[in-house]
Amino acid sequence: MSRLRISEIFYSLQGESRSVGFPTVFVRLTGCPLRCGYCDTAYAFKGGEWMALEEICDRVAAYHPRHVTVTGGEPLAQKQVLPLLTRLCDAGYEVSLETSGSIVLDGVDDRVVTVMDIKTPGSGEMEKNRWGNLQQLSAKDQVKFVLCDRGDYDWAKQQLREYELAERCEVLFSPVHGKLEPAELANWIVQDNLPVRFQLQLHKILWGNEAGR
């Protein structure tokens, strides 16, 4: 029987990405090979419970959602997430995958919206970026930079140009909560006329760092 170790399944508002604000079921998988300095889900590194794919799908269906986000941790660290993504798509949900970009995207169902982080110098995990993943992204997908400071911002601008990211998919710039002043990042984006979407983490504005929200 195919199983996944699950940290939590909950229903809330999407706090990030293009679907921000939509009621969404989150399936958070346990485990992550990265240790970003600003991580806000370290509780998902360990623990959780093993659940069969059928049980996970039943839990999701109980909320009658339109949107489902599979996240972590790093969900792609568990290979059985691939058939889970396909089953969720087959059920008719709008499915998104939040990934660190440190694991290849091979096998992710084409119907899934991939929201992929690019790790900045300030994250402490920049060397884990798999730049080849960019070749698998399309206009429906999104790339996200979580920025700690001006140095991260300037580095992200360089990647934006070098990889022509805005021509490939939507690009999101976010400030690290409590570290980079949001208005400062917003001003930089406007001053430089960047082809990116500024975003804040809606769930933190509403509920802080409360787990399951």
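The values are calculated or read from the model by the stated rules, or taken from the named source; none is laboratory data. Just so it is clear, the model here is predicted, and its values are computed rather than measured. Using ideal geometry, Cβ is built from the backbone for each residue, glycine included, and neighbour counts are taken over all protein chains shown. Surface accessibility is based on the protein's heavy atoms, side chains included, excluding ligands, DNA and RNA. Shrake-Rupley method; radii C 1.70, N 1.55, O 1.52, S 1.80 Å.
In the range 141-163, of all residues being touching an Asp or Glu at 6+ places or on another chain (Cβ under 9 Å) and basic (Lys, Arg), the one that is nearest to ASP192 (Cα to Cα) corresponds to LYS157.
Can you give me the ranges of the helices (runs of 4 or more DSSP H) entirely in the range 154-211 with at least 3 residues that are of a type outside the set (A, V, I, L, M) and free of Cβ contacts under 8 Å to residues at least 24 places away in the same chain?
Answer list for the range 154-211: 182-192.
Of the residues that sit in the range 179-213 and are within 15 Å of the chain's Cα centre (by Cα) and polar (S, T, N, Q), which one is modelled with the highest pLDDT? Here the answer is GLN199. Looking only at residues of the range 99-111 that are in contact with a strand residue (DSSP E or B) (Cβ under 8 Å, 6 or more places away or on another chain) and either basic (Lys, Arg) or within 13 Å of LEU137 (Cα to Cα) (or both), we find that the one that is most open to solvent (accessible area, probe 1.4 Å) is ARG111. The single condition from (1) within 30 Å of VAL95 (Cβ to Cβ); (2) in contact with a Leu (Cβ under 6 Å, 6 or more places away or on another chain) that ARG111 fails is (2). Within the range 75-112, the residues that satisfy the criterion of being at pLDDT 95 or above, under 10 Å from the mean Cα position of the chain (by Cα) and not polar (S, T, N, Q) are PRO75, LEU97, GLU98. For the range 63-93, a residue qualifies if it is of a type outside the set (A, V, I, L, M), under 12 Å from THR30 (Cβ atoms) and out of contact with any Gly (no Cβ under 6 Å at 6 or more places or on another chain), and the qualifying residues are THR71, GLY72, GLU74, PRO75, GLN78. From the list GLN142, GLN159, GLN191, which one is open to solvent by 60 Å² or more (accessible area, probe 1.4 Å) and on the phi < 0 side of the Ramachandran plot? Unique residue meeting the criteria: GLN191. State yes or no: is GLY21 closer than 22 Å to ASP117 by Cα, in contact with a Cys (Cβ under 6 Å, 6 or more places away or on another chain) and not basic (Lys, Arg)? No; evaluated as a whole, the condition is false for this residue. Quick one: is GLY37 touching a residue at least 24 places away in the same chain (Cβ under 8 Å), out of contact with any Leu (no Cβ under 8 Å at 6 or more places or on another chain), within 24 Å of GLU127 (Cβ to Cβ) and open to solvent by 20 Å² or more (accessible area, probe 1.4 Å)? So GLY37 fits the description; yes.
Across the range 40-74, which residue is nearest to LYS204 (Cα to Cα) among those that are out of contact with any strand residue (DSSP E or B) (no Cβ under 8 Å at 6 or more places or on another chain) and either surrounded by 14 or more Cβ atoms within 10 Å (Cβ to Cβ) or modelled with pLDDT under 95 (or both)? The selected residue is ASP40.
Of the residues that make up the range 129-149, is at least one farther than 21 Å from ARG168 by Cβ and in contact with a helix residue (DSSP H, G or I) (Cβ under 8 Å, 6 or more places away or on another chain)? Break it down into steps so the answer makes sense when it comes.
Step one: filter the range 129-149 for residues farther than 21 Å from ARG168 by Cβ, giving 148-149.
Retained after the next criterion (residues that are in contact with a helix residue (DSSP H, G or I) (Cβ under 8 Å, 6 or more places away or on another chain)): 148-149.
Yes: the range 129-149 contains one or more residues that are farther than 21 Å from ARG168 by Cβ and in contact with a helix residue (DSSP H, G or I) (Cβ under 8 Å, 6 or more places away or on another chain).
Taken over the range 162-178, the criterion of being at pLDDT below 95 and surrounded by 14 or more Cβ atoms within 10 Å (Cβ to Cβ) is satisfied by VAL176, HIS177.
Kindly indicate whether any position in the range 119-128 is more than 20 Å from THR41 (Cα to Cα), at pLDDT 95 or above and open to solvent by less than 20 Å² (accessible area, probe 1.4 Å). No, the range 119-128 contains no residue that is more than 20 Å from THR41 (Cα to Cα), at pLDDT 95 or above and open to solvent by less than 20 Å² (accessible area, probe 1.4 Å).
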